[in-house]
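Computed from the coordinates by the stated procedures, all read-outs in this text should not be read as laboratory data. The shown structure was predicted, so the numbers you read here are calculated from the model rather than taken from an experiment. Positions of Cβ are backbone-derived with ideal geometry, glycine not excepted, and every protein chain shown enters the neighbour counts.
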Amino acid sequence: MTEQNTSNSDPAAPDAVQPPSAPAAQPEKNATKFSLSHACLAGATFTDVGLNGARFHDVGLNDVVMDDVALRNAKITNAAFTGAEFRDACLEGVRFVDVNLSKTIFDDINLSGASFQNINFSGSTVKDADLSGVAITDANLEGMTINGILVSDLLKAWEAAKPASSESPPRQ
């Protein structure tokens, strides 16, 4: 009678009993000065994460969804937001400097108190807008229409209708 070897020393065998392994190291919850380079985090989910003071350089964030995100005092430079959509966003006090917003659609936007300087609105359409209290100064109005009427024609008519002022002040 031969003795049967019941011990299995091959750890790859399916019935092998493996020694308990050490628990996986858990990342520190409040890691500061954390650096991550040349990493792929595609499909990652970040929940209840503080990234205050974080710096992102040469980062691809295509097809990212951000919900309930605070970007107060963020500085975004050399960024492409082509096809991006901002909904229910508070952009109060935001500064857009040297920004290309061509072909951008603004719908249901509150711009009260906004200031526009050195802006190119050529070929733009303003529809269903409250323009009460709007001041336009030092602007090229060539070809601009309001309700289908050329503004240059409106200004000419206004100039012609102004009362003529006398050449010399009245004598006393």
**Prompt:** So how far apart, in nm, are the two label points at VAL65 and ASP130 if each is 7 Å from Cα heading toward Cβ?
**Reply:** 3.3
**Label-point separation, ALA139 to ALA89 (7 Å along Cα→Cβ), nm** = 2.5
**Prompt:** How far is it, in nm, from the label point at SER122 to the one at ALA79 when both lie 7 Å from their Cα along the line to the Cβ?
**Reply:** 2.9
**Prompt:** Which lysines have a Cα lying under 29 Å from the Cα of LYS75, excluding residues fewer than 8 positions away in the same chain?
**Reply:** LYS29, LYS33, LYS103
